[in-house]
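For reference, the structure discussed in these notes is given below.
The values are calculated or read from the model by the stated rules, or taken from the named source; none is laboratory data. As the structure is a prediction and not an experimental result, all values here were calculated from the model. Glycine also receives a Cβ, built like all others from the backbone with ideal geometry; neighbour counts cover every protein chain displayed. With ligands, DNA and RNA removed, areas are computed over all heavy atoms of the protein, side chains included. Shrake-Rupley method; radii C 1.70, N 1.55, O 1.52, S 1.80 Å.
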Amino acid sequence: MKAALSMLISSRNLSPHPSSSLSRSTWLRPKSLPNSPSIIPLIPSKSLSRLRLNHRKSHTAHFSSIMASSYKPEEARVPPALPLPAPPVNKFKIGLCQLSVTADKERNIAHARKAIEQAAAQGAQLVVLPEIWNGPYSNDSFPVFAEDIDAGGDASPSTAMLAEVAQRLKITIVGGSISERSGDQLYNTCCVFGTDGKLKAKHRKIHLFDIDIPGKITFIESKTLTAGQTPTIVDTEVGRIGIGICYDIRFQELAMIYGARGAHLICYPGAFNMTTGPLHWELLQRARATDNQLYVATCSPARDAGAGYVAWGHSTLVGPFGEVLATTEHEEAIIMAEVDYSLLELRRTNLPLLNQRRGDLYQLVDVQRLNSQ
């Protein structure tokens, strides 16, 4: 009988006791057996699930401990990865302004101002603009539309507008990017403004968009632009944000540096094209978010089929599990979504990558942090 009982308990031929007032999910019993008691007490299924869960947690913790001692995960990041800082807010709304861009700079600035105001009116505490939003994306236009950001005022009407709106509306703005003139150099630059209207950070595109796909697209940004030299991470009123611009998203090392510096979110203003956009735009966003277990937000210009450079569009917010939380097509749009930082710790507990990196086999060296110590 014990053998028969063991066989039945291990099978799926189970049903609730007909006289029990408990739910089907609470108690499990086998169908009646010859020469056996009519009721055989079993462990409640919920209790059984808890036992299994506790066993898995214990096993995972033990395994992580072994790996931590054997694999030296703390040495996989040099300097060691910073702990995720407590954010100033746990939940907030983000607004991604996918804007149409023309050759009229004054119109573009006024249009961006209106979009920011609309996003803030819908509750956005963080607003993100597209790459090169104040003029056409072209090597011919970069020098014409370039501004001296450091001089400010009339020398940089685009950033003056962003500073004014950020202060007036008490919001954080990741100001997409504009072409910046600094001495005899031109840069593709993103400015971040805090709720006080002050410039908190300035990121110059590190990886220039130099590609040649015969019959599809050729663009050489380095004909006019100079590459930036510094990864940019900034503490804001809505958390610690890493900044990349378009082509920067292809280089996972930059995102890994931001993750190791405790970023909650990476913002990539970008303008992928009609060749690489359909294939890689969403893929890269989800990869950067999943690899580093943080949020990724992107903002593109709206598509203009008659422009010299045609943008793919599809501005998007991706969560720390690689899930697309909000996106759009190629037309003008303001995408509103909620960012919930409590999910960061949850996902990092579900998948404890921090404790599983093989510092005995590879290292990511953050030269900037290393030299500052």
Query - Thr218/Val324 FRET efficiency (R0 25 Å; Cβ-Cβ; nearest 0.05) - result: 0.25
**Report entry** Mean shadow area of segment 133-204, taken as a quarter of the surface of its Cα convex hull (nm²)
**Finding:** 4.4 nm²
Report summary line: Judged on accessible area alone, 1.4 Å probe, highest first, Glu180, Glu237, Glu345 line up as Glu345, Glu237, Glu180
Report summary line: With a ≥ b ≥ c from the Cα gyration tensor eigenvalues, square-rooted, and the rule rounded for a/c under 1.5, otherwise prolate when a/b > b/c and oblate otherwise, segment 92-191 is prolate
Report summary line: Expressed in square angstrom to the nearest 10, the accessible area of Met274 with a 1.4 Å probe stands at 80 Å²
Report summary line: Heavy-atom accessible area of segment 134-243 with neighbours in place, 1.4 angstrom probe: carbon+sulfur share in percent works out to 48 percent
Report summary line: The simple spin-label model distance between Glu74 and Gln356, using points 7 Å out along Cα→Cβ, in nm, is 2.1 nm
Query raised in the report: In nanometres, what is the gap between the two model label sites at Asp148 and Gln252, each 7 Å from Cα along Cα-to-Cβ?
Result: 4.3 nm
**Report entry** Heavy-atom SASA rank of Ser70, Ser141 (probe 1.4 Å, accessible area, largest first)
**Finding:** Ser70, Ser141
Report task. Would you mind calculating the relative contact order of segment 195-263 from Cα pairs under 8 angstrom and at least 6 residues apart, reporting the percent as a whole number? Result -> 31 percent
Report summary line: Yeah, segment 128-287 with a ≥ b ≥ c from its alpha-carbon gyration tensor (a/c under 1.5 is rounded, else prolate when a/b outruns b/c, oblate otherwise) is oblate
Query raised in the report: Using a ≥ b ≥ c from the Cα gyration tensor of segment 276-364 (square roots of the eigenvalues), is it rounded, prolate or oblate, where a/c under 1.5 gives rounded and otherwise the larger of a/b and b/c decides, a/b for prolate?
Result: oblate
Requested in this report: Beyond 31 Å between alpha-carbons counts as too far, so tell me which of Lys93/Lys198; Lys91/Lys114; Lys91/Lys200; Lys72/Lys200 fall in that bin.
Outcome: Lys72/Lys200
